[in-house]
Amino acid sequence: MKIKGKVWKFGDNIDTDAIIPARYLNTSEPKELAKHVMEDADKDFPSKVKPGDIIVAGKNFGCGSSREHAPIAIKAAGIQAVIAKSYARIFFRNAFNIGLPIFEVPELIDETVEGDLVEIDMDSGEIVNLTKNKKYTTKPIPAFMQELIKSGGLVEWTKKRLSTEGIK
């Protein structure tokens, strides 16, 4: 499976409060959360981001609280994937649980600027900055995890599996 999109770049230690500020956590509605995604890191981001875009960030992306609202807000805003130097462990797991693909590629971050076009091949782990014609490699996402992503996350994958196996 391939993903291609425009890059939005952020720095190190983007915490879950910067991803979705706590003042908006009175709802779990993805579309509402998307209206405020990343606004504490870039106040204009929610109005600039387009479906299919990709976030590129520094180290420790998603640190802070363990709220699932953060990857939900990113995904609901239309972001296809996040590429970072590293992630907070709980954000890493929450992202896959809700069907948001994320990748660790430390060297890509320093060589990519906002607006670059990036293509990600989840099967091979190859990531290409098409603007700069520069290739990077990362661990491919295992087939099982790709199924979670294609299904829309762990809950939807489980529902699908239960219904196809006739389990109620």
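All of the numbers you see were taken from the coordinates with simple rules; none came from a lab. Just so it is clear, the structure is predicted and the values come from calculations on it, not from any experiment. For neighbour counting, all protein chains shown are included, and Cβ atoms are generated from backbone atoms with ideal geometry for every residue, glycine included.
With the simple spin-label model, which puts each label point 7 Å out from Cα in the Cβ direction, the Lys135 to Asp12 separation comes to 3.1 nm.
Its residues counted as N, segment 59-153 yields a C-alpha radius of gyration over 2.2 N^0.38 Å of 1.05.
Among 111-118, 138-145, the peptide with the highest mean count of other Cβ atoms within 10 Å heads the list, and the full ranking is 111-118, 138-145. Over the chain, the ratio between the Cα radius of gyration and 2.2 N^0.38 Å evaluates to 1.01.
Ranking of Ser65, Ser163 by neighbouring Cβ atoms within 10 Å, starting from the fewest: Ser163, Ser65. Cross-link reach is defined here as a Cα-Cα straight distance under 29 Å, omitting same-chain residues fewer than 8 places apart; for Lys139 the lysines meeting it are Lys2, Lys4, Lys6, Lys9, Lys50, Lys59, Lys75, Lys85, Lys150, Lys159, Lys160. Can you pull a Stokes-Einstein diffusion coefficient for segment 14-76 at 37 °C (0.692 mPa s), Rh from Kirkwood over Cα pairs, as a whole number of µm²/s? D = 284 µm²/s.
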